[in-house]
1. So for region 108-116 (the condition being under 25 Å from G14 (Cβ atoms) and surrounded by 15 or more Cβ atoms within 10 Å (Cβ to Cβ)), does at least one residue qualify?
2. Quick one: in region 16-68, which of the residues that are small (G, A, S), at pLDDT 95 or above and touching a helix residue (DSSP H, G or I) at 6+ places or on another chain (Cβ under 8 Å) is surrounded by the fewest Cβ atoms within 10 Å (Cβ to Cβ)?
3. Find the strands (runs of 3 or more DSSP E) located wholly in region 119-237 whose residues include 1 or more that are surrounded by fewer than 16 Cβ atoms within 10 Å (Cβ to Cβ) and either of a type in the set (A, V, I, L, M, F, W, C) or at pLDDT 90 or above (or both), and list them.
4. In the set E162, E193, which member is touching a residue at least 60 places away in the same chain (Cβ under 8 Å), within 13 Å of the chain's Cα centre (by Cα) and on the phi > 0 side of the Ramachandran plot?
5. Is it the case that some residue within region 12-30 is touching a residue at least 40 places away in the same chain (Cβ under 8 Å), within 12 Å of the chain's Cα centre (by Cα), farther than 12 Å from V208 by Cα and assigned to a strand (DSSP E or B)?
6. Run L96 past the list (1) surrounded by 21 or more Cβ atoms within 10 Å (Cβ to Cβ); (2) under 26 Å from F176 (Cα atoms); (3) hydrophobic (A, V, I, L, M, F, W, C) and report the number of the one that doesn't hold.
7. Can you tell me which of E59, E117, E97 is farther than 26 Å from R184 by Cβ and either aliphatic (A, V, I, L, M) or more than 21 Å from the chain's Cα centre (by Cα) (or both)?
Amino acid sequence: MSLLKVSKVNVFYGLLHILHDVSIEVESGEIVTLLGPNGAGKTTLFRTICGLLQPRSGEIWFKGERIDKYKPSQIVRRGISIVPEGRQLIPTLTVLENLELGAYLSDARKKKNDSLEYVYMLFPVLKERRKQIASTLSGGEQQMLAIARALMSRPTLLMLDEPSSGLMPRLLSTLFDAIRKINRQGVTILLIEQNVYEALQVADKGYVIENGRIVMQGKKEELLNDPHIKEAYLGLL
C-alpha cells in the first residue's frame, strides 16, 4: 500500500480547471520529485494534498485513510508537513520561536525538546543562531529554518516546494545533502524543485506535470535519459 495516493484529482479555481485527473503515488521511504514548468499545477497539487484546496473530484489517501475532505490541521496531525515556496517564516520572531511554532500540535509539543535536538543536529547553524531574529538570517539559513520548522511536527511525509529558490549555487549541495539525510532518518519526501538535475539525482522517481496533467513518470534514470526531459528541463539536445 502506498503511503500517499492521489487518484484522478481535479481542482478548479473558480471556473478555471487547473488539475486534470492527476494521479501520483509515493511509497514509504521514497524521495519523489514533481517536475514541470511554472504554472503547470505543481503548487496547486501540494496545496490540495495539504487541505488548503478542495478537489472537485478524485481522492487523496494517506496511510490508507482518505484525507481529501480534511482540514489542514487534521492533515498535519496525521503526519504531512509542507515547506511552502518563499519559506513564510515569521520574520520578527527568533529562530527558536519559529521552530517552536512548528511543534504547535499536542503530540509534537510533547516531543519538542527531542525535535529541537534533531533539527539542530541537521542544521548546527540554527543552534548557534537560535536567539537571532529570523529576518537577519541569510537566505540559506532561512531555508534551513523553514525545513527545520516543518520537521518539528514530526512528519511522516515532508513536502518541499522549491526549496532551492533564491539560494546561491554553492548552497545547493548543502540543501540536497540535508534532504538525503532527512530521508535516511525515515521521512518520506515529495519535492518540487526548479533545479531539475539535482532533484532527479536525489530522487527515487519523478512525475512530470504540464498544463495540469501528468504527462510522464518513471524512475530517475529513465527521466534523466528521456529526450523530452533533456531538452525541456535540462537544456540538453
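1. No: zero hits.
2. The residue in question is G29.
3. 213-219
4. When all the criteria are applied, what remains is E162.
5. First, pick out the residues of region 12-30 that are touching a residue at least 40 places away in the same chain (Cβ under 8 Å): 12, 17-24, 26-30.
Okay, now just the ones that are also within 12 Å of the chain's Cα centre (by Cα), so none.
Checking region 12-30: not a single residue is touching a residue at least 40 places away in the same chain (Cβ under 8 Å), within 12 Å of the chain's Cα centre (by Cα), farther than 12 Å from V208 by Cα and assigned to a strand (DSSP E or B).
6. Evaluating L96 over (1) surrounded by 21 or more Cβ atoms within 10 Å (Cβ to Cβ); (2) under 26 Å from F176 (Cα atoms); (3) hydrophobic (A, V, I, L, M, F, W, C) leaves (1) as the failure.
7. It is E97.
Results for (1) assigned to a loop (DSSP other than H, G, I, E, B); (2) without any contact (Cβ under 8 Å) to a residue 40 or more places away in the chain, shown as yes or no for each residue.
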position: L52; (1), (2): yes, yes
position: W61; (1), (2): no, no
position: S73; (1), (2): no, yes
position: R87; (1), (2): yes, no
position: P91; (1), (2): yes, no
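The values are calculated or read from the model by the stated rules, or taken from the named source; none is laboratory data. Here the structure is a predicted model, which means the values were calculated and not measured. Quick reminder, even Gly has a Cβ in these numbers, built from the backbone with ideal geometry, and neighbours come from all protein chains shown.
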